1. Confirm whether residue 78 is touching a residue at least 60 places away in the same chain (Cβ under 8 Å), more than 25 Å from residue 142 (Cβ to Cβ) and surrounded by fewer than 19 Cβ atoms within 10 Å (Cβ to Cβ).
2. If I filter the stretch 19-38 for residues that are farther than 21 Å from residue 130 by Cβ and open to solvent by less than 40 Å² (accessible area, probe 1.4 Å), do I get at least one hit?
3. Find all pairs meeting these conditions: Cβ atoms under 6 angstrom apart; at least six residues apart or on different chains; first residue within the stretch 22-34 and over 16 Å from residue 77 (Cβ atoms) and modelled with pLDDT of 95 or more; second residue open to solvent by 50 Å² or more (accessible area, probe 1.4 Å) and of a type in the set (Val, Ile, Thr).
4. Consider only pairs whose beta carbons are under 9 Å apart and that are at least six residues apart or on different chains; among these, list those whose first residue lies in the stretch 123-144 and is on the phi > 0 side of the Ramachandran plot and of a type outside the set (Gly, Ala, Ser) and whose second residue is open to solvent by less than 50 Å² (accessible area, probe 1.4 Å) and in a loop (DSSP other than H, G, I, E, B).
5. Is there any pair with a first residue in the stretch 1-13 that is within 13 Å of residue 38 (Cβ to Cβ) and a second that is open to solvent by less than 70 Å² (accessible area, probe 1.4 Å) and of a type in the set (S, T, N, Q) whose Cβ atoms are under 6 Å apart and which are 6 or more apart or on different chains, and what are they?
6. Counting just the residues of the stretch 117-145 that are open to solvent by 40 Å² or more (accessible area, probe 1.4 Å) and polar (S, T, N, Q), which one comes out modelled with the highest pLDDT?
7. Name the residue, out of 94, 53, that is part of a helix (DSSP H, G or I) and free of Cβ contacts under 8 Å to residues at least 60 places away in the same chain.
Amino acid sequence: MEKKEFWRLIEKSREFDQSAWLTEELAQKRLEEVVDFEFLFQELMNASYQSRLWGAAFVLMGGCSDDAFDYFRGWLIGQGEEIYNKVMKDPEFLAEYINENNLDDEGFPQIEELLSVGLDAYTLIKTGKNEWDDDIHNELLEALDKKGLQYVTDIEFDWEEDDLDNLFPVLWERFGEEPLG
């Protein structure tokens, strides 16, 4: 699967229950395509694992744990290639982009379920069930390792909470006093 196909699937999935649709769509493909999808997804997750983006998410939500930052980055990928690239270039674009139509039911920019789409589809193909399986999970991780997926290490924050209003004046103007959720 090429990046163009990956982003086409992401765009199409936005018309439906995104995670469920992607899982079903991927489960109809070959295992290699699912591995390719997961590889590309993880590369985007890794590329977005940045201190500056975490700071922006912190402003949006009035705080941002490790897990919340993962779910936020999944949401960001789920918004499609154009939005992903704009936010990666300038996180303050989120102040213009975010509205009630692109947030979850609790009012946050996050999609936790998107993080497991590749594994869920891989498991469905292998077992016909959508149940956790340690062996299947390890098999997918091995396949990603063979493709050369690099894992990111911890990041050093280049901001303090007290600095966020100056680092992100546009986001702070909109969300600093009234964060999402």
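The values are calculated or read from the model by the stated rules, or taken from the named source; none is laboratory data. Please read these numbers as outputs of a predicted model, since none were measured by experiment. Backbone-built Cβ (ideal geometry, glycine too); neighbour counts: all protein chains shown. We work out accessible area using only protein heavy atoms, side chains counted, and drop any ligands, DNA or RNA first. Shrake-Rupley method; radii C 1.70, N 1.55, O 1.52, S 1.80 Å.
1. Here the answer is no, as residue 78 does not meet what is asked.
2. no
3. Listed pairs, sorted by first residue: 27/125; 31/125.
4. none
5. Taking only residues 6 or more apart or on different chains, not a single pair turns up.
6. Among them, the one singled out is 138.
7. Going through 94, 53 in turn, just one is part of a helix (DSSP H, G or I) and free of Cβ contacts under 8 Å to residues at least 60 places away in the same chain: 53.
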